[in-house]
Amino acid sequence: MASLSKPGAPRFDVDVFQNEYLAQGAREVNAIVTVTATGGGTSGGRPLSATGGGPGAAVVLVIDCSGSMEHPDTKMRHAREATAAAIDTLREGVAFAVVAGTHEAVDVFPGNGRLAVVDRYTRGHAKEALRRLKPSGGTAIGTWISKARQLFDSHPQASIRHAVLLTDGRNEHEHPADLQRALDAATGAFTADCRGVGTDWEVAELRKISSALLGTVDIVAEPSGLADDFRAMMAAAMGKQVADVALRVWTPANARVKFVKQVAPAVEDLTDRRTDAGTRAGDYPTGSWGDESRDYHVCVEVPAADVGNEMLAARISLVLPQPDGAAEVLGQGLVRAVWTDDLASSTRINAQVAHYTGQAELADSIRDGLEAHRAGDLDRATAKLGAAVRLAHAGGNEGTLKLLRKVVDVVDAREGTVRFRKNVSEADSMTLETRSTKTVRVKK
């Protein structure tokens, strides 16, 4: 374990779990890197301030106001109530805005292209603006994201920048390339949690957005559940204290990083998000941190060596970029490789690595199974979801196993023997797909 945080600052501890022993000629080194942040969500009990005395926080709430939000007519009412609940959860001093999204994006509060600062007066005025929202128009999510970025840009003193995006439909009124351009421009500018209400939206579309913006995605099948979900999202956002933290991986000459994945609390492949950070080092974004712990799977390919050789395969650091281009190192851990002819040592799979490899395979099996079912390939769908049941059972992922049981009848969980259920609801299928990447921590 290594932590290099300054006194009084949030503490980051880095633990590396691996089997460092390799057989002669072996080249692949796997490690699970556990990062634990403490002190970041409480700041000693002192709240964040958007006007001084801390890093500052800014929140933009983006609410779908397209015509489909009036079907049923309670959907828009629940969306307004949920947004009001989120505003009530914001701490005083935090900067915020509300955006109504249709085929365009309008900042309905404060409405001047800037952010307001939370106090009892701005809360009240924001709720008045919410009551005036009426469903109409289409859906162009790229414009919503661009508007949020513009609002955050108007408040550069905020280092914690978080958006919430709610929609009930597909991105039908702009070209996919427009959405991609908006995402490219927003990546690194702010984080975002995405929520789909009802069942007429696309999981893959919202996951793409939340992944690019280092947030979460989930389904709220019944609009009545929006308020509680929005309160929880805002509470989590208010717990963030350190933004723009990167996982830096340094490797020696002739070694290369094969992949870097977040594996807990959810699977997120960061491999293609790498940016160079000097000689033989790359940074992988992790977003904002409060009091929390996350696990990352790092796989490095090293030059093959003879028995008795050992080397440093990678140095893993948590870094915080500084305005001058340097980076503050918050914590650090080492990944080693030792070549041995002891078969028992070289073939032993580290428990953490094995667990999270299974969790990633579980997410892939669910995705492939549901895609096969939509394509009408029932045999492949049954086989893939059967494999998912077996992996969920073996990994102790009771939450995912419960969701799977709503889609398939489980004959034997240990063996993964299942039968597809008749008349599976769209809500149950989408809930399984949306939450398929959520993992359980390995039992120490």
Could you run through region 123-168 and say how many residues are closer than 28 Å to Gly188 by Cβ, in a helix (DSSP H, G or I) and touching a strand residue (DSSP E or B) at 6+ places or on another chain (Cβ under 8 Å)?
10
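Conditions (1) free of Cβ contacts under 8 Å to residues at least 24 places away in the same chain; (2) outside any helix (DSSP H, G or I), marked per residue:
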| residue | (1), (2) |
| --- | --- |
| Leu370 | no, no |
| Arg380 | yes, no |
| Ala387 | no, no |
| Arg390 | no, no |
| Lys402 | yes, no |
| Val418 | no, yes |
| Lys422 | yes, yes |
If we scan region 23-46, do we find a residue that is touching a Leu at 6+ places or on another chain (Cβ under 9 Å), at pLDDT below 95, open to solvent by 40 Å² or more (accessible area, probe 1.4 Å) and not in a strand (DSSP E or B)?
no
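Could you go through region 283-295 and let me know if any residue there is in contact with a Pro (Cβ under 6 Å, 6 or more places away or on another chain) and either open to solvent by 40 Å² or more (accessible area, probe 1.4 Å) or not in a strand (DSSP E or B) (or both).
Step one: list which residues in region 283-295 are in contact with a Pro (Cβ under 6 Å, 6 or more places away or on another chain), which gives none.
Within region 283-295, none of the residues are in contact with a Pro (Cβ under 6 Å, 6 or more places away or on another chain) and either open to solvent by 40 Å² or more (accessible area, probe 1.4 Å) or not in a strand (DSSP E or B) (or both).
Yes/no matrix, rows are residues, columns are (1) open to solvent by 10 Å² or more (accessible area, probe 1.4 Å); (2) modelled with pLDDT under 95; (3) out of contact with any Leu (no Cβ under 6 Å at 6 or more places or on another chain):
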site	(1), (2), (3)
Gly137	yes, no, yes
Thr143	yes, no, yes
Ser154	yes, no, yes
Ser159	yes, yes, yes
Ala163	no, no, yes
Asp168	no, no, yes
Asp178	yes, no, yes
Counted residues in region 385-421 being touching a Leu at 6+ places or on another chain (Cβ under 8 Å) and of a type in the set (Lys, Arg) come to 1
Could you check, for region 335-344, whether at least one of its residues is free of Cβ contacts under 8 Å to residues at least 40 places away in the same chain and in contact with an Asp or Glu (Cβ under 9 Å, 6 or more places away or on another chain)?
no
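For region 429-444, enumerate the residues that are charged (D, E, K, R) and either buried (at least 18 other Cβ atoms within 10 Å of the Cβ) or in a strand (DSSP E or B) (or both).
Across region 429-444, the qualifying residues are Glu433, Arg435, Lys438.
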On the basis of being open to solvent by 30 Å² or more (accessible area, probe 1.4 Å) and at pLDDT below 95, does Gln332 make the cut?
no
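So how many residues does region 2-22 have that are open to solvent by 40 Å² or more (accessible area, probe 1.4 Å) and either in contact with a strand residue (DSSP E or B) (Cβ under 6 Å, 6 or more places away or on another chain) or modelled with pLDDT of 60 or more (or both)?
Pass one, region 2-22, residues open to solvent by 40 Å² or more (accessible area, probe 1.4 Å): 4, 6-9, 11, 16-17, 20-21.
Narrowing further to those that are either in contact with a strand residue (DSSP E or B) (Cβ under 6 Å, 6 or more places away or on another chain) or modelled with pLDDT of 60 or more (or both): 4, 9, 11, 16-17, 20-21.
Final tally of qualifying residues: 7.
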Unmet requirement for Lys240, which otherwise passes all of (1) in contact with an Asp or Glu (Cβ under 7 Å, 6 or more places away or on another chain); (2) in a loop (DSSP other than H, G, I, E, B); (3) basic (Lys, Arg)
(1)
Within the bounds of region 374-382, is there any residue that is modelled with pLDDT of 95 or more and open to solvent by less than 50 Å² (accessible area, probe 1.4 Å)?
yes
Provide a single number: the residues in region 186-225 that are open to solvent by less than 50 Å² (accessible area, probe 1.4 Å) and within 18 Å of the chain's Cα centre (by Cα).
22
Given (1) closer than 25 Å to Thr187 by Cα; (2) outside any helix (DSSP H, G or I); (3) at pLDDT 95 or above, Ala360 misses just (2)
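The values are calculated or read from the model by the stated rules, or taken from the named source; none is laboratory data. Everything quoted here is computed from the prediction, not taken from an experiment. Virtual Cβ from ideal backbone geometry, glycine too; neighbours counted across all protein chains shown. Calculation scope for accessible area: heavy atoms of the full protein, side chains included, ligands and nucleic acids excluded. Shrake-Rupley method; radii C 1.70, N 1.55, O 1.52, S 1.80 Å.
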